[in-house]
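Written out below as structure tokens is the structure these notes cover.
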Amino acid sequence: MSEFQSNVSKHEKFLKSSKPEKDSLESVNFWMSNLDITTYDFPYIYHLLAKSFLDWQHLSSSLPTMEYSMWTILGFDGSWVTGDVTISDYLKNEAPQLLDECLKDKIKVIADWNSELSSYNEKHTICLFPLFTRGCQELYAIMVCVLPRQKVESGGVEIASSMSILFQNCFYKRFEYIFVEDMMSEQKKANDEAARTAILFQIVERMHDQIDVDMILTEVLDSIAFLYPTASLQLFMSQDHQSDNPHVKPLILQTWKDDVRVRTFMDGKLTIQETKQENGEDKLEIGFPFGGTQGVYGVFYLLADKDFLNEVDLQLVTTLVDTAGNAFEKSKLYEQSNLLIQELRLINELTQRVNQSLRLSEIYQFSNEELLNIFKADFCCILQFNKKLDGLEVVSSNLPALEKEVFEKDYGFGGLVYGKGEPVILSGYTVNMRIPSKFMEYSGSESLIAAPLTVKGEVMGAILLSHRKSHYFTYDNYRLLQTLSSHIALSVSNALLHAEVKRMANRDVLTDLYVRRYLDEVIHERQTHDFCGSLIVVDIDQFKQVNDMHGHQQGDRILKQVSEIIRTSIRQSDLAARWGGEELAIYLPQFGVKQAIVVGERIRRRVEEETSPSVTVSCGISEWNWLDDQVSVDSLFYLADMALYRAKNNGRNQIQIEDKSITKAPGL
């Protein structure tokens with residue numbers, strides 16, 4: 001027997017047991033009489049106690065005892081639940097021992113009422129009756145009664161005890177009623193579920209008989225309209241699909257920014273909102289996302305009266321819409337399969353091409369051209385965040401007006417994509433111009449798709465593609481650009497990493513100046529096409545004494561200070577390097593000795609004034625020009641080194657220039 005058949009059998013047995021037969025009634029009564037609460041329920045039964053007290057008052061209202069007695073109900077912990085709060089205050093503040101005795105010993109307590117706050121002229125007696133569960137005999141409440149003492153002598157306590165038993169019966173009647181009510185509610189849910197399943201089966205069966213996409217949409221629209229004829233139903237689709245059905249309309253994301261339809265489409269979740277119409281009538285808006293496994297294609301939009309939510313079966317409508325979405329998606333399976341094959345080919349080709357180069361300019365230029373070709377877009381703009389300029393720099397674009405433009409990092413669609421790290425799709429720029437964009441304005445474009453260049457969660461830029469036609473780009477274009485942008489970003493990251501490694505290989509770790517090898521290469525290259533140049537060799541005076549006196553760490557700091565002074569004293573085209581130890585070298589292209597002396601003197605003076613602890617430097621200067629008989633890197637360094645040697649011997653803290661009588665270094 002299946003699970004479904006088993007459940008049906010159980011329900012049939014239950015229904016049969018509901019017939020007024022003697023044996024079944026006895027069985028039901030026995031079963032109900034054994035229902036009970038547990039100690040875990042005690043903190044949550046106060047509301048049930050209060051309702052039971054009202055039932056008890058209604059039943060006891062005609063009894064004479066109610067005319068001269070006061071009653072209250074306390075919880076399992078002695079806290080007041082309902083009834084006369086004066087009694088609870090008395091037990092709490094003036095006679096706590098009575099309450100403690102009843103709670104701890106779980107016995108009936110009878111004592112004199114000696115309240116100083118009482119307004120009664122005659123003497124009274126207070127009675128505490130513990131109430132126990134009918135199964136495990138756990139104390140779940142206390143019923144307290146205050147009687148005139150003369151009534152106690154005539155059997156009032158026994159009557160009050162009987163009334164506490166009546167309250168207990170009221171309590172369990174109310175408890176059984178709630179239990180039966182829950183069972184009936186579950187039975188109603190089961191019946192509703194069975195009806196829902198039958199309706200859903202019929203609609204789904206008809207829906208899957210259809211092959212045409214528009215017929216599927218018409219079927220689900222007609223089915224929901226049949227179930228809820230008082231509601232207005234429309235299907236708003238994205239630009240991926242156009243239909244002749246009058247109830248199928250385009251979803252305009254820009255104009256309806258905070259609309260239920262847009263939020264449902266963007267979040268992919270059921271959205272419900274109360275709204276006021278232009279005529280002042282209150283309405284209920286419900287948006288059901290219409291989509292499948294690959295995404296959301298549109299929104300089923302219901303507009304109905306405010307009380308419509310009580311009658312609509314949201315689960316049924318959601319299931320219908322989801323089923324229609326899956327059927328809609330399957331009808332495009334072949335088309336999407338071909339598109340996926342094409343995308344994979346494009347991704348493979350693009351990745352291979354961009355990875356062939358480690359030059360950023362080439363990667364950006366190739367990506368620009370390929371993206372224009374893949375998406376058949378009119379314009380493309382690739383932005384990269386420039387840390388020095390603190391803005392987004394146009395690194396590649398087929399729009400000449402934007403060449404080398406730098407925008408603020410929160411400007412336009414590029415700033416939006418860079419700031420949020422999320423892609424953007426736009427169907428009509430002129431319809432909603434809340435975001436200013438020179439790219440869209442200069443190009444006269446209406447449609448836009450944009451995606452961030454992201455690697456390991458860090459956004460380094462953005463790609464913008466536009467077209468002059470509105471509603472040009474599809475959701476598939478939007479998704480494909482996200483995929484391609486991640487591959488382009490990875491290639492850009494590799495190129496940046498390669499450039500950084502190359503830069504670090506040419507830099508001295510301590511001073512961040514260039515290394516001698518790189519300086520030699522640059523000078524050699526310069527000597528092939530420049531007409532002159534000068535070299536300054538700088539040596540820190542008495543550097544060994546600085547290390548011995550202050551330590552090598554302080555010596556390193558001095559070396560960094562001098563290097564920074566040199567870096568800020570030369571032109572951007574000049575080249576500073578660590579020659580070796582405490583010796584530094586500066587190459588000045590297109591400078592003669594006289595100009596080099598000015599630079600060297602500036603450095604010498606600043607070192608003496610700005611270093612701490614104060615040190616001095618000695619400088620040797622040499623030059624070359626295209627008229628020299630011998631032009632080489634070695635001879636240039638040799639002459640500067642000899643000049644430095646003379647500066648050291650002549651007292652240090654000075655500048656010496658090359659000796660013209662020395663034509664070349666020994667062995668050259």
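Computed from the coordinates by the stated procedures, all read-outs in this text should not be read as laboratory data. Please read all numbers here as calculations on a predicted model, not as lab measurements. Every residue, glycine among them, receives a Cβ derived from its backbone with ideal geometry; neighbour counts consider all protein chains shown.
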From a point 7 Å beyond the Cα of L63 in the direction of its Cβ, which residues of the range 137-161 have a backbone N at a distance under 18 Å?
141-161
Assign unit charges at the C-beta atoms only (+1 for Lys and Arg, -1 for Asp and Glu), then state the dipole size of the range 39-179 relative to its Cα centre in Debye, rounded to the nearest 20.
340 debye
Descending semi-axes in Å of the chain, equivalent ellipsoid built from Cα gyration tensor
88, 45, 21
Say the cut-off is 21 Å between C-alpha atoms; which of K106/K151; K409/K438; K189/K306; K123/K151; K376/K404 go over it?
K106/K151; K189/K306; K376/K404
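Of the DSSP beta bridges with both residues in the range 514-657, give the percent that are antiparallel, rounding to the nearest 5.
Counting DSSP beta bridges with both partners in the range 514-657, the antiparallel share is about 80 percent.
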For V248, enumerate residues with amide H under 5 Å from its amide H, sequence gap 5+ or separate chain, H modeled in the peptide plane.
L235
Protection proxy ranking of 376-384, 362-370 - average other beta-carbon atoms within 10 Å, highest first
376-384, 362-370
Net lengthening on full extension, F201/K330 (0.36 nm per residue, minus Cα-Cα):
44.6 nm
Among the aspartates and glutamates, which have Cα under 13 Å from the Cα of K388 when same-chain residues fewer than 8 positions away are ignored?
E408
In sequence order, what are the phi-derived ³J(HN,Hα) couplings for the range 83-88 according to the Karplus relation 6.51 cos²θ - 1.76 cosθ + 1.60 with θ = phi - 60°, rounded to whole Hz, with x for glycine and proline?
x, 6, 6, 4, 5, 4
Placing +1 at every Lys and Arg Cβ and -1 at every Asp and Glu Cβ, with all other atoms neutral, what dipole size does the chain have around its Cα centre, in debye to the nearest 20?
1740 debye
Name the residue farthest towards the positive end of the dipole of the chain from the options S331, H47, H487, assuming +1 on Cβ of Lys and Arg, -1 on Cβ of Asp and Glu, about the Cα centre.
H487
Whole-Hz Karplus couplings 3J(HN,Hα) for the range 54-67, θ = phi - 60° and coefficients 6.51, -1.76, 1.60, Gly and Pro as x, run 5, 4, 5, 4, 5, 6, 9, 4, 8, 7, x, 4, 5, 6
Towards the positive end of the charge dipole of the chain, with charges on Cβ (+1 Lys, Arg; -1 Asp, Glu), say which of Y140, V562, L453 has the farthest Cα.
V562
From the square roots a ≥ b ≥ c of the eigenvalues of the alpha-carbon gyration tensor of the range 339-501, which class results: rounded (a/c under 1.5), prolate (a/b over b/c), or oblate?
oblate
Projected label distance in nm at N348 and N649, using a 7 Å step from Cα toward the beta-carbon
7.3 nm
Roughly how big is the range 210-331's charge dipole about its Cα centre, with Cβ charges of +1 (Lys, Arg) and -1 (Asp, Glu), in debye to the nearest 20?
320 debye
Hey, could you grab the Kirkwood Rh for the range 98-231? Inverse mean 1/r over distinct alpha carbon pairs, Å, one decimal.
20.8 Å
Please say if the range 418-527 is rounded, prolate or oblate, where rounded means a/c under 1.5 for a ≥ b ≥ c the square roots of the C-alpha gyration tensor eigenvalues, and otherwise the choice is prolate for a/b larger than b/c and oblate otherwise?
prolate
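Using 0.36 nm per residue, how much length does the chain from Q630 to R434 gain when fully extended, once their Cα-Cα distance is taken away?
Between Q630 and R434, full extension yields an extra 63.8 nm.
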Output ³J(HN,Hα) for the range 485-493: one whole-Hz value per residue in order, computed from phi by the Karplus curve 6.51 cos²θ - 1.76 cosθ + 1.60 with θ = phi - 60°, and x for Gly and Pro.
5, 5, 6, 5, 4, 5, 5, 4, 4
Considering the options Y645, A462, C102, tell which one lies farthest towards the positive end of the dipole of the chain, charges being +1 on Lys and Arg and -1 on Asp and Glu at the Cβ, about the Cα centre.
Y645
Quick one: work out the % antiparallel among DSSP beta bridges in the chain, nearest 5.
90 percent
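If contacts are Cα pairs under 8 angstrom and at least 6 residues apart, what is the relative contact order of the chain in percent?
6 percent
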Say the cut-off is 27 Å between C-alpha atoms; which of K456/K560; K387/K502; K387/K469 go over it?
K456/K560; K387/K469
Candidate aspartates and glutamates for bridging to K249, where Cα separation is under 14 Å - those fewer than 8 sequence places away on the same chain excluded
D214, D240
What is the helix-to-structure angle for 156-208, meaning the angle in degrees between its Cα long axis and the longest Cα principal axis of the chain, kept from 0 to 90 and rounded to the nearest 10?
50 degrees
Most packed first (mean Cβ within 10 Å per residue), the peptides 287-298, 553-564 order as 287-298, 553-564
Would you grab the residues whose amide H sits under 5 Å from the one on D378? Only those 5+ places off in sequence or on another chain, please, with H modelled 1.01 Å from N.
S466, H467, R468
Once both label points are put 7 Å beyond Cα along the C-beta direction, the L54-T86 separation in nm becomes 2.4 nm
With label points set 7 Å from each Cα along the Cα-to-Cβ direction at D244 and N34, the distance between them in nm comes to 6.9 nm
